[in-house]
1. State all residues of the range 25-53 that are touching a Lys or Arg at 6+ places or on another chain (Cβ under 7 Å) and surrounded by fewer than 17 Cβ atoms within 10 Å (Cβ to Cβ); if no residue qualifies, say none.
2. Can you list the helices (runs of 4 or more DSSP H) found entirely within the range 22-119 that contain at least 1 residues being aromatic (Phe, Trp, Tyr)?
3. Just a yes or no: is a residue in the range 101-123 surrounded by 10 or more Cβ atoms within 10 Å (Cβ to Cβ), without any contact (Cβ under 8 Å) to a residue 12 or more places away in the chain and within 21 Å of GLU13 (Cβ to Cβ)?
4. With respect to the numbered conditions (1) surrounded by 15 or more Cβ atoms within 10 Å (Cβ to Cβ); (2) at pLDDT below 90, which one is the sole condition not fulfilled by TYR67?
5. Is it fair to say ASP52 is modelled with pLDDT under 95 and over 9 Å from the mean Cα position of the chain (by Cα)?
Amino acid sequence: MDFGERLYRLRIERGVYQKQLAAYLHVSVGTISNYENGVHSPDLKALRRIADFFHVSVDYLLDRTEYISPIDDLNRELVNQYTSGNVMNTILELSQDSCKDLIKYLDMLKLYEERTAQNSAHT
């Protein structure tokens, strides 16, 4: 998927009109249309503003990753100064077997939280 397709899909999924995005970027509706149709590409400043507007990463817009969250989320503190980025770096250092075990553990933890939430809802 190219930038234009990704921009179009994001805009439609989020219920944003070309006019709204154009106003935010201080460009014409035609410019947004040109971006979406692959006629023109945004400059770096506009690309960053588009990423900020949709709260996604520039790499996501450029189809370099399916990771949609902005890079700032990697700096988000989870527990005791341990960030999402720290977790990612730790995972990347694990062996393949340990990664498989981690996925199993995360699946069990998610299931536990879902069941706990269901039980709380019934009380």
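The values are calculated or read from the model by the stated rules, or taken from the named source; none is laboratory data. Quantities reported herein were computed from a predicted structural model and do not represent experimental measurements. Neighbour counts are summed over all protein chains in view; Cβ atoms, including those assigned to glycine, are modelled from backbone coordinates with ideal geometry.
1. Narrowing the range 25-53 to residues touching a Lys or Arg at 6+ places or on another chain (Cβ under 7 Å): 25, 29.
Hit for the range 25-53 is VAL29, nothing else.
2. On the way: elements: 29-36, 44-54, 58-61, 84-93.
The qualifying helices (runs of 4 or more DSSP H) are 29-36, 44-54, 58-61.
3. no
4. (1)
5. Numbers: modelled with pLDDT under 95: yes; over 9 Å from the mean Cα position of the chain (by Cα): yes.
Yes; evaluated as a whole, the condition is true for this residue.
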